[in-house]
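For reference, the structure is listed below as structure tokens.
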Amino acid sequence: MGYQPNKIIHPGQFISKVLEREGMTQKNLSDRTGLTEKHLSQIINGEASITVETALLLENALGGSASFWINLEKNHQETKARIERLSFLKEELPLLPKFPYPELVKRGCVEAATDLKKKVENLWKFFGVNSLQNVCKTEEVAFRARSGDTIKSESIAAWLRCGELDAKKQTLSKFSELNLKNSLSELRSLTIKPANEFSGKVREILNKAGVALVYTQHFSGTGVSGAVRWIGENPVMQLSVLGSYADMFWFNLFHEIGHLVLHGKKDKFIEFDKRDLSIVQEKEREADKFATDQLINAKDYFDFINKEELSKQSIQNFAKQIGIDAGIVAGRLCHDKQIDWRSVSSLRQRLKIVRD
């Protein structure tokens with residue numbers, strides 16, 4: 001590590017010492033350079049900087065190259081900025097415990113560090129900000145959170161940032177709402193596939209429609225299962241596989257697609273600065289209904305529950321008939337309190353996020 005001075009020495013102090021050594025006055029230097037005594041006094045007292053033009057004048061009057069005088073000024077400014085930055089770093093330290101630093105290290109998002117100030121700097125770089133106070137302000141986003149969970153904004157922001165960085169690695173077509181709508185049937189048909197087959201295919205389909213899809217393990221304290229927001233000209237859809245079941249994954253996927261189809265580019269449903277929750281809930285209900293209807297046609301569903309005895313076999317037969325994963329039917333029935341979760345647990349595929 002290079003030497004980093006912690007004391008600010010203005011170049012003017014060096015000029016003052018040279019004048020003393022040479023037996024010169026500021027008036028003498030003024031006569032030699034053509035600079036006014038007032039301006040020279042401001043430089044010597046640290047009230048003015050040495051410009052390139054001034055450096056050229058000092059080169060002839062006091063010796064040393066213009067680069068020497070320019071570097072004196074540059075080093076002074078850098079040292080000044082570094083000391084001010086260090087002071088600001090100390091002010092940021094109380095915010096550090098709010099962020100999931102150990103988890104970010106575990107995920108390879110930031111470097112391990114023991115020095116607290118270094119941790120703050122690493123978080124600045126990770127979030128692309130110059131103050132931790134600005135982190136949550138940068139993440140105004142719609143996201144789905146499980147009711148009853150304690151929500152930590154800083155952890156949500158970290159989760160969202162992970163998704164944003166992963167999304168940048170994807171090659172996207174120009175966003176097309178028509179192509180997205182046309183892909184719904186193909187996406188639904190993938191529900192019968194195992195996770196190791198459908199996960200990449202779903203991303204490929206959405207990328208062609210101009211939608212980035214990232215899978216990001218949720219952070220403790222977030223309770224977030226999915227999010228969708230626009231970054232640049234493309235929407236980014238982020239899923240956490242919270243709950244670990246395939247039927248929940250598919251519902252969350254179609255829920256987020258519902259936001260894109262129904263609510264466009266500007267709507268934000270839950271924010272860090274607390275909006276009107278009645279509006280949020282209405283938009284969430286609309287996206288929920290979109291997902292529900294896309295996965296299982298309402299008429300088919302109600303015909304099934306009214307005519308069939310609800311058993312594992314009948315669920316499997318119905319799912320096969322409508323071309324969908326039996327776990328999605330089972331999950332819907334459990335959600336509607338038609339059957340008990342434990343009675344159909346074997347029909348529900350478990351998921352986990354595996355790093356690429």
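The values are calculated or read from the model by the stated rules, or taken from the named source; none is laboratory data. From a predicted model like this one, the values you see are computed outputs, not experimental measurements. Here the Cβ is made from the backbone with ideal geometry for all residues, glycine too, and neighbour counts use every protein chain on show. The area values use the complete protein model at the heavy-atom level, side chains included, leaving out ligands, DNA and RNA. Shrake-Rupley method; radii C 1.70, N 1.55, O 1.52, S 1.80 Å.
Can you pull out the residues in region 112-137 that are open to solvent by less than 60 Å² (accessible area, probe 1.4 Å), in a helix (DSSP H, G or I) and of a type in the set (A, V, I, L, M)? Listed by number, the residues that qualify are V120, L123, L132.
Residues checked against (1) assigned to a helix (DSSP H, G or I); (2) in contact (Cβ under 8 Å) with a residue 60 or more places away in the chain; (3) over 19 Å from L187 (Cα atoms):
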{"position": "E284", "(1), (2), (3)": "yes, yes, yes"}
{"position": "K289", "(1), (2), (3)": "yes, no, no"}
{"position": "D303", "(1), (2), (3)": "yes, no, yes"}
{"position": "L310", "(1), (2), (3)": "no, no, yes"}
{"position": "I339", "(1), (2), (3)": "no, no, yes"}
{"position": "R342", "(1), (2), (3)": "yes, no, yes"}
{"position": "K352", "(1), (2), (3)": "no, yes, yes"}
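When region 316-329 is examined, which residues are found to be aliphatic (A, V, I, L, M) and within 16 Å of N252 (Cα to Cα)? Within region 316-329, I324, I328, V329 qualify. Scanning region 181-232 for residues that are among the charged types (D, E, K, R) and part of a loop (DSSP other than H, G, I, E, B) returns a single hit, K193. Of the set (1) modelled with pLDDT of 90 or more; (2) part of a helix (DSSP H, G or I); (3) out of contact with any His (no Cβ under 9 Å at 6 or more places or on another chain), all apply to T79 but (1). In region 28-76, the residue that is farthest from S16 (Cα to Cα) out of those that are assigned to a loop (DSSP other than H, G, I, E, B), over 50 Å from the mean Cα position of the chain (by Cα) and of a type outside the set (V, I, T) is G34. I279 falls short of the stated requirement of being open to solvent by 50 Å² or more (accessible area, probe 1.4 Å), within 19 Å of the chain's Cα centre (by Cα), at pLDDT below 90 and of a type outside the set (S, T, N, Q).
For region 181-200, the set of residues classified as more than 13 Å from Q294 (Cα to Cα), open to solvent by less than 50 Å² (accessible area, probe 1.4 Å) and in contact (Cβ under 8 Å) with a residue 24 or more places away in the chain consists of A195 only. Checking every residue in region 241-252 against the condition of being of a type in the set (V, I, T) and at negative phi gives zero matches. Considering region 44-60, the residues that are small (G, A, S) and at pLDDT 90 or above include one that is surrounded by the most Cβ atoms within 10 Å (Cβ to Cβ), namely A55.
If you go through region 183-202 and keep only what is of a type in the set (A, V, I, L, M) and over 18 Å from V329 (Cα atoms), you end up with just V202.
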